[in-house]
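Below is one structure, written out as structure tokens; the observations come after it.
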Amino acid sequence: MPGYGYAAASKQKIASWTDLMRDFLRGRASLLRVFVLVDGRHGLKPVDAEMMDLLDRSAMSYQIVLTKRDEVKVAELDKRVEETLKAIEKRPAAFPQVIFTSSQSFAGIPDVRAGIARLMAERGF
């Protein structure tokens, strides 16, 4: 769900969105993987953990894609990826690879595309 961590809405409205997402994920055999976009400047936040909990409970494969790579100091890039990998290592539905992307330089975008292409090829699409 785009912007789930940045919604200026009531708790009741956000709860209804959570129900909507849960219903959407239930029984979606054609959905191969969810890509969870996380602001790379800050890393995983509690709201991201809530999303991962929902995906784990739904047995929906997901992969973390860190964004805004160009806004993170070079010395912190590997650290941010390692922190994220550690946070997802025991999550049952998490794909054990993190991609760090930049919309400015397009870094990581070929990796996301390649991952999607691999998934589709594996499933015969």
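The table that follows gives values for the structure above.
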item	result
Residues GLU76 and SER103, FRET efficiency given R0 of 25 Å [Cβ-Cβ distance, rounded to 0.05]	0.85
Prolate/oblate/rounded label for the stretch 7-122 (Cα gyration tensor, a/c 1.5)	oblate
Computed label-point distance, nm, for sites ASP111 and ARG57 using a 7 Å Cα→Cβ extension	3.0 nm
The chain, helix-only ellipticity at 222 nm - DSSP H runs n ≥ 4, -39,500 (n - 2.57), divided by all residues, nearest 500	-14500 deg cm²/dmol
Hits among lysines - C-alpha to C-alpha of LYS11 under 18 Å, sequence gap 8 or more where chains match	LYS45
LYS11/ARG41 FRET efficiency (R0 22 Å; Cβ-Cβ; nearest 0.05)	0.30
In order through the stretch 43-50: 3J(HN,Hα) via Karplus (6.51 cos²θ - 1.76 cosθ + 1.60), integer Hz, x for Gly, Pro	x, 5, 10, x, 5, 5, 4, 4
Within a Gaussian network of the chain (alpha carbon springs, distance under 10 Å), most fluctuating of GLY40, GLY108, GLY27	GLY27
Separation in nanometres of the label points that stand 7 Å from Cα toward Cβ, at ARG28 and GLU50	1.8 nm
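Every number in this text was worked out from the coordinates using simple rules, so none of it is lab data. Remember, predicted model here, so these are calculated numbers, not experimental data. Note that we place each Cβ from the backbone using ideal geometry, even for glycine, and neighbour counts take in every protein chain shown.
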